[in-house]
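Colleague: Provided herewith is a single structure, encoded as structure tokens, for subsequent inquiry.
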Amino acid sequence: MSGFDKVVTSYEEAMAGLQDGMTVLAGGFGLCGIPENLIKEIKRKGTTALTVASNNCGTDDCGLGMLLVDKQIKKMIASYVGENALFETQMMSGELEVELTPQGTLAEKMRAGGAGIPGFYTATGYGTPVGEGKEVREFNGRNYILEEALQGDFSIAKAWKADRSGNLIFRMTARNFNPMVITAGKISVVEVEEIVEVGELDPDEIHLPGIYVDRLIQGTFEKTIEQRTVRSA
Amino acid sequence: MMALTRDQLAQRVAQEFKHGYYVNLGIGIPTLAANFVPDGMDVMLQSENGLLGMGRFPLDDEVDADLINAGKQTVTMVPGASIFSSAESFAMIRGGHVDLTVLGAFEVDCQGNIASYMIPGKLIKGMGGAMDLVAGADNIIVTMTHASKHGDSKLLNRCTLPLTGKNCIKRVLTDLALMDIEDGKFILRERAPGVSVEDIVKLTAGELVVPDEVPEMNL
């Protein structure tokens, strides 16, 4: 890894420097577009007391759910608990601290974190438990709450294709939170399905510029489907 | 008393669609409404995970793990679909660009408050995008059952569960009735076929205004 070449060749190198107690932002929606091998590397390393911000926390045996098994996560910032029984159990028992955050607010907190905006006002959550203890301000006769930006010591994300300098292209709804996550990390690690040489991507087609990416690794992915739903011909 | 089936609820929801509408459908019954878009009407479905122009479920050989809806189900895209990030998705929701939002709830009250994301001590689902949707949309329909299976009304004077949104719901469709919320009261607009006004009154705990004429739904 040197200059504009962001490529690393091992997952160990990709997650080097991750320490107990750090905050990690993770891309993905459900199991779609998750950095599955970077999560596995965190499991292998055994890093603990992590604060993790991600829309969901995987399922019981996939994605971030794998980090719940060995209680590597101290605090989870997420919008949806849904289909993860272990998450719900640890949350109910108080073992896992959870900050339930509305999905759009979570995305915007990360976007703001990456864009140098310390906070923003939103109507989302006003008058609900989410708004409790937060500053309220009225604009044009409507009440809004102050939400603060979110940044990570590490960001872990998944894209489809990259050039060696970290210019990224995402694929379909695997994009989701990944772009904001990448912008908001002090160290942003991205795993992709394919890496091409600099100059091979059309600049107009790049979804996220490489300036936000610190480390890039090519992986192979299981892409587990949570709800395989089909129609008959 | 004949409560509406899930499909009939979806069918009544679809009557609120208009040609050229961008619509966000929540998980469950709202999603079923996509099956009842009238022929010749164009409706673009928004999926909050970053897709505008959601299509039908895929054929077995079309399944793609990278293409799912907000319920994590595999889907397809219609011609003219677009893909964007979660931040962009909620910018269009929060910015009021979506014409109609349909979502479920545990409770609604006659102040237009909605509770849909947790039952303390029992169930924690999380709000997902629901808090953003109810705060950002003007035109919202809540679909739910009128009462619990024990006969407890879910249409209250005051929600008892933690709120998803405050003073934001103006229309509720249940398996028994269609109601508007105006000036702190439920207004009964339509009855499910075969359901009497008395049945509805009995199962509505919140203040309910019954106009002289309450037509049956046209399904």
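The values are calculated or read from the model by the stated rules, or taken from the named source; none is laboratory data. These figures come from a predicted structure and were not determined experimentally. Neighbour counts run over all protein chains shown; Cβ positions are idealised from the backbone, glycine included.
Colleague: Give the number of residues within region B:191-200 that are touching a strand residue (DSSP E or B) at 6+ places or on another chain (Cβ under 6 Å) and surrounded by fewer than 18 Cβ atoms within 10 Å (Cβ to Cβ).
Modeller: 1
Colleague: Here's a follow-up. Step by step: first the residues of region B:55-71, then only those that are at pLDDT below 95 and at the interface with chain A (Cβ under 7 Å from one of its Cβ atoms), then the one that is nearest to A:Y80 (Cα to Cα). Which residue is that?
Modeller: Looking at the filtered set, the residue picked out is B:G71.
Colleague: Filter region B:11-26 for residues that are among the hydrophobic types (A, V, I, L, M, F, W, C) and within 9 Å of the chain's Cα centre (by Cα) and give the result.
Modeller: Once the filter is applied, which keeps residues that are among the hydrophobic types (A, V, I, L, M, F, W, C) and within 9 Å of the chain's Cα centre (by Cα), region B:11-26 yields B:V13, B:L25.
Colleague: Out of all the residues in region B:19-43, which are closer than 18 Å to B:T143 by Cβ and exposed (fewer than 14 other Cβ atoms within 10 Å of the Cβ)?
Modeller: Within region B:19-43, just B:N35 meets the criteria.
Colleague: Only one of A:L18, A:L68 is in contact (Cβ under 8 Å) with a residue 60 or more places away in the chain, away from chain B (no Cβ under 14 Å), in contact with a helix residue (DSSP H, G or I) (Cβ under 7 Å, 6 or more places away or on another chain) and more than 24 Å from A:R171 (Cα to Cα); which?
Modeller: A:L18
Colleague: I've got another one for you. For region B:159-185, enumerate the residues that are β-branched (V, I, T) and in contact with a Gly (Cβ under 8 Å, 6 or more places away or on another chain).
Modeller: Hits for region B:159-185 are B:I169, B:I181.
Colleague: Now, a different point. Go through (1) within 18 Å of B:P30 (Cβ to Cβ); (2) within 11 Å of chain A (Cβ to nearest Cβ); (3) surrounded by fewer than 24 Cβ atoms within 10 Å (Cβ to Cβ) for B:E88 and report which single condition fails.
Modeller: (1)
Colleague: OK, next. Pick from A:T183, A:T128: which is over 29 Å from A:G21 (Cβ atoms) and within 13 Å of chain B (Cβ to nearest Cβ)?
Modeller: Result of the check over A:T183, A:T128: A:T128.
Colleague: Follow-up question, since we're still on this one. In this structure, does A:K71 turn out to be surrounded by fewer than 18 Cβ atoms within 10 Å (Cβ to Cβ) and outside any loop (DSSP other than H, G, I, E, B)?
Modeller: Against the criterion (surrounded by fewer than 18 Cβ atoms within 10 Å (Cβ to Cβ) and outside any loop (DSSP other than H, G, I, E, B)), A:K71 does not qualify.
Colleague: Out of (1) out of contact with any strand residue (DSSP E or B) (no Cβ under 7 Å at 6 or more places or on another chain); (2) in a loop (DSSP other than H, G, I, E, B); (3) surrounded by 23 or more Cβ atoms within 10 Å (Cβ to Cβ), the odd one out for A:G114 is which?
Modeller: Single failed check for A:G114: (2).
Colleague: Only one of (1) within 14 Å of chain A (Cβ to nearest Cβ); (2) without any contact (Cβ under 8 Å) to a residue 60 or more places away in the chain; (3) touching a Gly at 6+ places or on another chain (Cβ under 9 Å) fails for B:S153. Which number is that?
Modeller: (1)
Quick grid of which residues meet (1) touching a strand residue (DSSP E or B) at 6+ places or on another chain (Cβ under 6 Å); (2) over 30 Å from A:S54 (Cα atoms); (3) not charged (D, E, K, R):
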{"residue": "B:L161", "(1), (2), (3)": "yes, no, yes"}
{"residue": "B:I169", "(1), (2), (3)": "yes, no, yes"}
{"residue": "B:L176", "(1), (2), (3)": "no, yes, yes"}
{"residue": "B:M179", "(1), (2), (3)": "yes, yes, yes"}
{"residue": "B:K185", "(1), (2), (3)": "yes, yes, no"}
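Colleague: Now for a different question. Hey, among A:T47, A:T9, A:T51, which residue is over 24 Å from A:L86 (Cα atoms), at pLDDT 95 or above, surrounded by fewer than 22 Cβ atoms within 10 Å (Cβ to Cβ) and of a type in the set (S, T, Y)?
Modeller: A:T9
Colleague: So, in region B:107-135, of the ones that are touching a residue at least 24 places away in the same chain (Cβ under 8 Å) and facing chain A (nearest Cβ under 7 Å), which residue ends up surrounded by the fewest Cβ atoms within 10 Å (Cβ to Cβ)?
Modeller: Looking at residues that are touching a residue at least 24 places away in the same chain (Cβ under 8 Å) and facing chain A (nearest Cβ under 7 Å), I get B:A135.
Colleague: Given the criteria in contact with a Leu (Cβ under 9 Å, 6 or more places away or on another chain), over 28 Å from B:G136 (Cα atoms) and at pLDDT 95 or above, does A:L67 qualify?
Modeller: yes
Colleague: Moving on to the next point. Of everything in region A:84-100, what is touching an Asp or Glu at 6+ places or on another chain (Cβ under 8 Å) and part of a helix (DSSP H, G or I)? Give them in sequence order.
Modeller: Matches in region A:84-100: A:A85, A:L86.
Colleague: Also: Among the residues that make up region B:80-98, is at least one of them farther than 19 Å from B:A135 by Cβ and without any contact (Cβ under 8 Å) to a residue 12 or more places away in the chain?
Modeller: Within region B:80-98 (the criterion being farther than 19 Å from B:A135 by Cβ and without any contact (Cβ under 8 Å) to a residue 12 or more places away in the chain), the answer is no, since none of the residues qualifies.
Colleague: Of the residues A:E147, A:E135, which is free of Cβ contacts under 8 Å to residues at least 60 places away in the same chain and surrounded by fewer than 17 Cβ atoms within 10 Å (Cβ to Cβ)?
Modeller: Going through A:E147, A:E135 in turn, just one is free of Cβ contacts under 8 Å to residues at least 60 places away in the same chain and surrounded by fewer than 17 Cβ atoms within 10 Å (Cβ to Cβ): A:E135.
Colleague: Now a separate question. Which one of A:G28, A:G65, A:G17, A:G3 is surrounded by 17 or more Cβ atoms within 10 Å (Cβ to Cβ) and on the phi > 0 side of the Ramachandran plot?
Modeller: Criteria check complete, one pass: A:G28.
Colleague: Here is a further query. I'd like to know if region A:198-209 contains one or more residues that are of a type in the set (A, V, I, L, M, F, W, C), within 13 Å of the chain's Cα centre (by Cα) and either within 14 Å of chain B (Cβ to nearest Cβ) or on the phi < 0 side of the Ramachandran plot (or both).
Modeller: There is no residue in region A:198-209 that is of a type in the set (A, V, I, L, M, F, W, C), within 13 Å of the chain's Cα centre (by Cα) and either within 14 Å of chain B (Cβ to nearest Cβ) or on the phi < 0 side of the Ramachandran plot (or both).
To keep it simple, each residue is scored yes or no on (1) under 10 Å from the mean Cα position of the chain (by Cα); (2) among the acidic types (D, E); (3) surrounded by 24 or more Cβ atoms within 10 Å (Cβ to Cβ).
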| site | (1), (2), (3) |
| --- | --- |
| A:A162 | no, no, yes |
| A:N167 | no, no, yes |
| A:N178 | yes, no, yes |
| A:K186 | no, no, no |
